[in-house]
Amino acid sequence: MEALDGNAIAGALFAVFGREMTTAVSVCANCGATGPVAETRVYLRGPGVVARCSRCSAVLLVLVEIRGVTCVDLRGLAEPLKGV
Amino acid sequence: MERTALRGRLTWQFGTVAGVVEETARTRSIALELPDWPGHRAGQHVDVRLTAEDGYQAQRSYSIGSAPEDHDLVLTVEEIADGEVSPYLVEELHVGDSLELRGPIGGYFVWEASLGGPLLLLAGGSGVVPLRAMLRHHLASESDAPLRLLYSARSLEDVIYRDELMSVPADAEIDVRFTLTRSQPAGWHGYAGRVDRKLLEEVAWPPSEHPLVYICGPNGFVEAAASALVDLGHAPARVKTERFGPT
Amino acid sequence: MTPISRGFRGRRHTDVDPARVPPGQYVTGDFPVLSAGPTPHTPLESWTFTIRGAIDQPVSWSWDELQALPSEKVTVDIHCVTKWSKLDTEWTGVSLDTLLENLETSAEYVLAFSDGGYTTNVPLDDLRGGKAWVAYGYGGEPLEPEHGGPARLLVPHLYFWKSAKWVRGLDLREDDVPGFWETYGYHNYGDPWKEQRYAGD
């Protein structure tokens, strides 16, 4: 399945962070690439949602819904996401 | 007590289907009435959630095809073969039914008149939906930013909002063009074939004009158009993309 | 309770023997494509399957060597943690019993690894005794890349995230380490009949 982009998880990210996050800048902990979350490669419909760096494909963030609670893992980011 | 939409909250709410329009054989526009709609910006979308009798739920995102100034909130949905949600929305949903959604969502792929232009909109298939919202907003706000829409569809029968887009008054500011990739009617004067570097060289403003570009459609379309524009010298930061696809 | 969307059913099959459906699952006739990343495309000439780790010498098979091993056709039910189940799926592949034959190890755990970086952990015993395969055929045809081809792990008695797509080998380990989804909160073992979806279930 081809990837979509960060726009596809705008609602899920809003629900987790409490604000619009697709314009927030992600910094890849693997290759340093920066860009808006909207331009990350997003893989939906798996056991969780995976957003990957569009340059090196490293995992940037993972959203998993566990017993009704959405958990977000941001270990793939070099810096915290700052919502604009 | 006055009911106001809480800023910064994204809550699920129910709308009522007020009207449906069959845009093409596979695409339908759904007009919704919502009690607590806070308004939206052109380019934003909603998440729609369906619940079956046994509690099973399915959720998908759909772009808003109406402008903020329009009276009705309109979602335009293309039916995906073997899809789970789109066949229900395109074939089953009736006027009067409830539809659960949350929104408006999105802050990246949005255009408002204050952002100016020139504005280049590149639509691949159902990717035209949020771009049509931008076009309608441009018209309603009487923006004087030059606007060009290049809409790629398989055939004339697949063109969504066909009458509306083909009757946009041709003037110095607004220019709507079509490219039909699989079949063209007799006497067709528009483009044929995919959006590629050559076509963009002809249709897009040069990079020196610094157009704001919005590209929406399937992955392949967006990749090809975005890379061609960057190859032509457009600044990546001025090119915004939104990929659609079956999910 | 969320109001119902009148007339919405989804694509689920409902006339199914309930004894074949683990708790919380829906049966589908499709074969949904779920992925955590881009589809890799390793050319067969450079493809290998390697068993390494807590073993004297790592052992590797090229694609041709894997094809030359005795293979089996199996029909199994598969259960994805995202709640869909697909019954009577047909696979062709090499049993892990064949691949593990003659290998001496004190390892109790396996970390399967795939092209693209995906991993998943399984107790070694769960790969033995006719319970697991390296599968390269589905429905009588070569396994398509979007479903894990050229070859994937097939461990149908566990949730399907354990059946690693694009598998390239097994790390035999004396200690258990969580793989990709296990790290993000999914259950370490994943028995669908005990509904072990998440850590702590």
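Since every read-out is calculated from the coordinates, none of them should be taken as a lab result. All values derive from a computational prediction rather than experimental measurement. Glycine also receives a Cβ, built like all others from the backbone with ideal geometry; neighbour counts cover every protein chain displayed.
Using the C-alpha gyration tensor of chain C, what are the square roots of 5 times its eigenvalues, in whole angstrom, with the largest one first?
30, 19, 16
Which value in nm describes the separation of the simple spin-label points at residue C:188 and residue B:197, placed 7 Å from the Cα toward the beta carbon?
5.4
Just check the range C:1-69 against the gyration tensor rule for me: Cα atoms, a ≥ b ≥ c as the square roots of the eigenvalues, rounded for a/c under 1.5, and otherwise prolate or oblate depending on whether a/b exceeds b/c.
prolate
Sort A:82, B:240 so the one with the fewest other Cβ atoms within 10 Å of its own Cβ comes first.
A:82, B:240
Could you work out the per residue convex hull volume over the alpha carbons of the range C:91-146, in cubic angstrom?
Given the Cα convex hull of the range C:91-146, per-residue volume reads 96 Å³.
Find the Rg to Rh ratio for the range B:163-212, where Rh is the Kirkwood radius over alpha-carbon pairs and Rg uses the same atoms.
With Rh from the inverse mean 1/r over Cα pairs, Rg/Rh is 1.00.
For the protein assembly as shown, what is the largest minus smallest coordinate of the Cα atoms on each principal axis, given in angstrom and ordered from greatest to least?
For the protein assembly as shown, the Cα spread along each principal axis is 79, 53, 50 Å.
If the cut-off is a Cα-Cα distance under 16 Å, which lysines reach residue C:83, setting aside same-chain residues fewer than 8 apart in sequence?
Qualifying lysines at Cα under 16 Å: C:162, C:194.
Have a look at the DSSP beta bridges in the protein assembly as shown and tell me what percent are antiparallel, nearest 5.
Looking only at bridges with both residues in the protein assembly as shown, the antiparallel portion is about 70 percent.
When the Kirkwood hydrodynamic radius is evaluated over all pairs of different C-alpha atoms of chain B, what value in angstrom, to one decimal, is obtained?
Result for chain B, one decimal place: 18.7 Å.
How do B:189, B:210, C:187 rank when sorted from fewest to most other Cβ atoms within 10 Å of their own Cβ?
Arranged by neighbour count, lowest to highest, B:189, B:210, C:187 become B:189, B:210, C:187.
What is the calculated FRET efficiency for residue A:79 to residue C:75, with r their C-beta to C-beta distance and R₀ = 45 Å, to the nearest 0.05?
The pair residue A:79/residue C:75 has a calculated efficiency of 0.35.
Looking only at C:11, C:173, C:52, which one moves most when chain C is put into a Gaussian network model with springs between Cα atoms under 10 Å?
Per the Cα network of chain C with a 10 Å cutoff, C:11 tops the list.
Seen from all sides and averaged, what is the projected area of the convex hull of the Cα atoms in the range A:4-73, in nm²?
4.2
The range B:13-105: D in µm²/s via Stokes-Einstein (Kirkwood Rh, Cα pairs, 4 °C, 1.567 mPa s)?
97
Take the Cα gyration tensor of the range B:113-244, multiply each eigenvalue by 5, square-root it, and list the three semi-axes largest first, rounded to whole angstrom.
For the range B:113-244, the ellipsoid semi-axes come out as 21, 18, 13 Å.
Where does each of C:85, B:155 land when they are ranked from fewest to most other beta-carbon atoms within 10 angstrom?
The fewest-first ordering by Cβ neighbours comes to B:155, C:85.
If you keep only loop residues by DSSP, which GluC sites (Glu not before Pro) in the range B:17-83 have at most 14 other Cβ atoms within 10 Å of their Cβ?
B:53, B:69
To the nearest 500 deg cm²/dmol, what mean residue ellipticity at 222 nm is calculated for the protein assembly as shown from DSSP H runs of n ≥ 4 alone, each contributing -39,500 (n - 2.57), summed and divided by the residues?
-3000 deg cm²/dmol
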